[in-house]
Amino acid sequence: AAPSGTVPIGFLTRRRVQYGLELAVVGESDALGAWDPSLAVPLRWSAGDVWAGKAEVPAADAAAGLAYKLIVRAPGGAVVQWQPSDNRVVEVAAAAVDKAPRRPVPAAVLEAPQGALAGVAVAVEDEFDGERHGLVRCVAE
């Protein structure tokens, strides 16, 4: 049987953009806007040009393979740049779909801004211009 409910999934990247622009994540799942950039999940900027955010994704979508891309948007929502690679796909195992309260401290290269990944057990860390991307665990405080 397909997993039910939703799972909070975080997104982390580092990208310098012109002041006023924002990063967002768009993807196949309705939770990521169903490839509509105007419905993409916005990411929050923090020092070091680290961007982070989270989406409540249907557990079945997460387990089946979540297709997404990062985008750079202008203030009105127009896409300035799509991530230059093929669509990214990550699979979130059912084991990562628990709802345990956690503090967002990924064992990763990037550190999320305080509160940006609250309640997230697993995050996608993505190198915008490169090929490196994958899942990182967030640990309890």
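In terms of packing, defined here as the mean over residues of other Cβ atoms within 10 angstrom, the peptides 13-20, 39-46 line up highest first as 39-46, 13-20. When a/c reaches 1.5 or more, the comparison of a/b and b/c decides; with that in mind, is the stretch 34-77 rounded, prolate or oblate per its Cα gyration tensor? Because a/c hits 1.5 or more and a/b fails to exceed b/c, the stretch 34-77 counts as oblate.
In the context of the full protein assembly, GLU91 retains an accessible surface of approximately 120 Å², using a probe radius of 1.4 Å and ignoring ligands and nucleic acids. Think of the stretch 1-66 as a dipole: +1 on every Lys or Arg Cβ, -1 on every Asp or Glu Cβ, centred on the Cα centre; then among ALA31, ALA62, ALA47, ALA47 lies furthest on the positive end. The peptide list 49-61, 73-85, put in order of mean Cβ contacts within 10 Å with the highest first, becomes 49-61, 73-85.
Full extension of the chain between ALA60 and VAL89 yields a length gain of 9.0 nm, computed as 0.36 nm times the residue separation minus the alpha carbon distance.
The values are calculated or read from the model by the stated rules, or taken from the named source; none is laboratory data. Small disclaimer: the values here were computed from a predicted structure and weren't measured. Positions of Cβ are backbone-derived with ideal geometry, glycine not excepted, and every protein chain shown enters the neighbour counts. Surface areas here come from the heavy atoms of the whole protein model, side chains and all, with no ligands, DNA or RNA. Shrake-Rupley method; radii C 1.70, N 1.55, O 1.52, S 1.80 Å.
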